[in-house]
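A short worksheet on the structure shown next.
The values are calculated or read from the model by the stated rules, or taken from the named source; none is laboratory data. If you're wondering where the values come from, they're calculated on a predicted model, not measured in any experiment. In this analysis, Cβ positions are derived from the backbone assuming ideal geometry, glycine residues included, and neighbour counts consider all displayed protein chains.
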Amino acid sequence: MKNKIILAAKSVGCSEIGIVRARKFFELTKILERRGRVSFVEPDYEKRINPFLIMGDVKSIIVCLFSYYNGQRGKISSYAHGKDYHPVIKEKLEKICDVLNEQGAKTLTLVDNSPLVERYLAYLCGLGFFGKNTMLINERLGSEFFIGCILTDFELDEDRPLDNDMCIGCNRCIEACPGGALQEGFLFDENKCVSFLTQKKGELTQEEKEIIKKSGYIWGCDKCTEVCPYNKNLPITGISEFKNELITDLEISEEMSNKEFKKMYGDRAFSWRGKSILLRNQKIISE
């Protein structure tokens, strides 16, 4: 069965796949407590470590990596250059689920829409290691990939984490961060992170504006990934939605209505915050 799942995953553009046995990931609690509360993330640690709260009879978690690297850089983070990854990856995961469903298994797909820590699950099944920027790094794909998960009540052979930490400790990500959000010991201050600030609602402080201006990003940030040695000479993604019809920059006018904005950019991952936030960021970096 595992081989059939792997073949199905490869057929829909999955670059790497692994499996971890479902359990309460108690060891993750200490990591989350050390990092502290983060915006846009479920604050209840129990929900973050317990897959049984999502599917009561889950036995295995299938973790899939989908490359989005397109070779382009711009004022928008590269993950958002192509089509919104949520529906794209969900459709691909559901095709993988067909293999299990045919055997009577129950499945549930997750694409950045559950409290579970997907990066940690990917780490547990050997799909990567953590860099000092707290991102998961795959030796072949770098850190430019999306993670999708499938919960199933089918018991599958699980994979194992990598034997060693492969981060070379060059500190390039820490040095490149415009706001100084990254610190030794895998610590992260979201209030100095460009990606967080470009999504933050409301009025920004002058310090926050300066961080965005220094970065040059209207949405998200790739500074720490750009300099990572593992992100050099990456293969271009084979997924058409992530390599065609790319948007790397924005020029939003005051006169553009919300309806026009939604019509033009509604199928992009950066559109969920709406026009006003992006327009604010655009003004900051152009001042």
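Looking only at residues that are at pLDDT 90 or above and among the acidic types (Asp, Glu) in the range 7-56, which one is nearest to LEU124 (Cα to Cα)? For the range 7-56, the residue satisfying everything is GLU27.
All told, SER253 falls short of being within 21 Å of the chain's Cα centre (by Cα), over 23 Å from CYS177 (Cα atoms) and small (Gly, Ala, Ser). The residue of the range 54-104 that is nearest to ARG119 (Cα to Cα), among those that are crowded, with 17+ Cβ neighbours inside 10 Å and among the polar types (S, T, N, Q), is SER67. Among the numbered conditions (1) charged (D, E, K, R); (2) over 25 Å from PHE242 (Cβ atoms); (3) in a helix (DSSP H, G or I), the only one that GLU91 does not meet is (2).
Being touching a residue at least 40 places away in the same chain (Cβ under 8 Å) and within 17 Å of LEU93 (Cβ to Cβ) is the filter here; which residues of the range 107-140 pass it? Once the filter is applied, which keeps residues that are touching a residue at least 40 places away in the same chain (Cβ under 8 Å) and within 17 Å of LEU93 (Cβ to Cβ), the range 107-140 yields THR107, LEU108, THR109, LEU110, SER114, LEU116, GLU118, LEU121, ALA122, CYS125, LEU127.
The C-beta contact set for the range 204-226 (first residue under 23 Å from TRP272 (Cα atoms), second residue among the β-branched types (Val, Ile, Thr) and not in a helix (DSSP H, G or I), distance under 7 angstrom, 6+ apart or interchain) comprises ILE212/THR198; TYR217/THR198; ILE218/ILE76; ILE218/THR198; TRP219/ILE76; TRP219/THR198; GLY220/ILE76; GLY220/THR198.
Looking at the range 85-106, which of its residues are in contact (Cβ under 8 Å) with a residue 60 or more places away in the chain and either within 13 Å of the chain's Cα centre (by Cα) or at positive phi (or both)? Listed by number, the residues that qualify are TYR85, HIS86.
When the range 115-132 is filtered for residues that are in contact with a Cys (Cβ under 8 Å, 6 or more places away or on another chain) and either in a loop (DSSP other than H, G, I, E, B) or of a type outside the set (D, E, K, R) (or both), the ones remaining, listed by number, are LEU116, LEU121, PHE129, PHE130, GLY131, LYS132. For the range 174-287, the helices (runs of 4 or more DSSP H) that sit wholly inside it and include 1 or more residues that are surrounded by fewer than 17 Cβ atoms within 10 Å (Cβ to Cβ) and among the acidic types (Asp, Glu) are 206-215, 223-226, 258-265.
When the range 174-195 is filtered for residues that are within 21 Å of GLU118 (Cβ to Cβ) and either among the polar types (S, T, N, Q) or not assigned by TED's automatic domain parsing to the domain that holds SER215 (or both), only SER195 remains. Taken as a whole, the range 166-174 holds no residue that is at pLDDT below 95 and touching a Leu at 6+ places or on another chain (Cβ under 9 Å). For the range 192-203, the set of residues classified as within 16 Å of LYS275 (Cα to Cα) and either among the aliphatic types (A, V, I, L, M) or touching a strand residue (DSSP E or B) at 6+ places or on another chain (Cβ under 9 Å) (or both) consists of LEU197, THR198, GLN199, listed by residue number. Counting only residues that are assigned to a loop (DSSP other than H, G, I, E, B) and surrounded by 15 or more Cβ atoms within 10 Å (Cβ to Cβ), the range 1-22 holds 5 of them.
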